[in-house]
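Heads up: the structure comes next, in structure tokens.
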Amino acid sequence: MTRIQTIGVAAFLALSLVLAISLPAIAISHNHHGTHITKSIQDLLPVDLDAYCKRHNPYYDASFQYIGDNAYTGKCILGNGGSTDVNVDLACGDQYGATAIDRLTSFRPPVWNCFKDMSYAGEITQDMMTRYSRHVKHDNTLTVVLVNADPAAYGWEVQYADGRLEGIDLYNLCNYYYRTGYAMDRLRDAYNAHSWTCWSA
């Protein structure tokens, strides 16, 4: 992948451990291509996909495994050699109750989380990205463009008049537009660039 702002694999794994043990809230960020995402750790919950596989395949000695390098390759591997698909949204509901839904925190390497007690607020459009970016950058000449990315949803970039490209902070965008107390970005389909949404509490 290109233009990824990263803190390294070791640091990423360390942050994943922090998620699991629920330390007090801190802010982290990572950048897949252009679309920049910032999260408050206290609002993201770890999801036990191995427990999900065992719960929904009780007769097959099932376990969870990624069979590829991205978040959409997770499978329940059955003791008889077969496999079944994984519904992370259902896994979050199983683990945290009816108000919990999934959140794709990192597509590659794959990281899923859950959050709860939030409601759908609206779609994130290219026009919203442009207006938000002009506001926070104090630059009415910039535009928001979609560049080639794998997957496509991470291809949104701020483009300045001189051609420079910069990522977009969708977490803060959601909080800018939906000031109901707290808001969060959520991706519906990583392969669809127009599937970013906001959820609010």
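The values are calculated or read from the model by the stated rules, or taken from the named source; none is laboratory data. Computed from a predicted structure; not experimentally measured. Cβ atoms come from the backbone with ideal geometry, glycine included; neighbour counts cover every protein chain shown.
Taken over segment 149-201, the criterion of being modelled with pLDDT of 95 or more, surrounded by fewer than 20 Cβ atoms within 10 Å (Cβ to Cβ) and β-branched (V, I, T) is satisfied by T197 alone. Per the conditions (1) touching a Gly at 6+ places or on another chain (Cβ under 6 Å); (2) in a strand (DSSP E or B), the sole criterion not satisfied by N113 is (1).
Do we have any residue at all in segment 74-83 that's farther than 21 Å from R188 by Cα, among the β-branched types (V, I, T), assigned to a strand (DSSP E or B) and touching a residue at least 24 places away in the same chain (Cβ under 8 Å)? Checked segment 74-83: at least one residue is farther than 21 Å from R188 by Cα, among the β-branched types (V, I, T), assigned to a strand (DSSP E or B) and touching a residue at least 24 places away in the same chain (Cβ under 8 Å).
Within the option set H135, H194, being assigned to a loop (DSSP other than H, G, I, E, B) and either touching a residue at least 40 places away in the same chain (Cβ under 8 Å) or within 15 Å of the chain's Cα centre (by Cα) (or both) holds for one residue only, H194.
You will find that of A100, A51, A121, A71, the residue that is over 24 Å from A193 (Cβ atoms), of a type in the set (A, V, I, L, M) and under 17 Å from the mean Cα position of the chain (by Cα) is A100 and no other. Mind listing just one residue for me: the one in segment 153-191 that is within 23 Å of K137 (Cα to Cα) and without any contact (Cβ under 8 Å) to a residue 12 or more places away in the chain and, of those, farthest from the chain's Cα centre (by Cα)? That would be D162.
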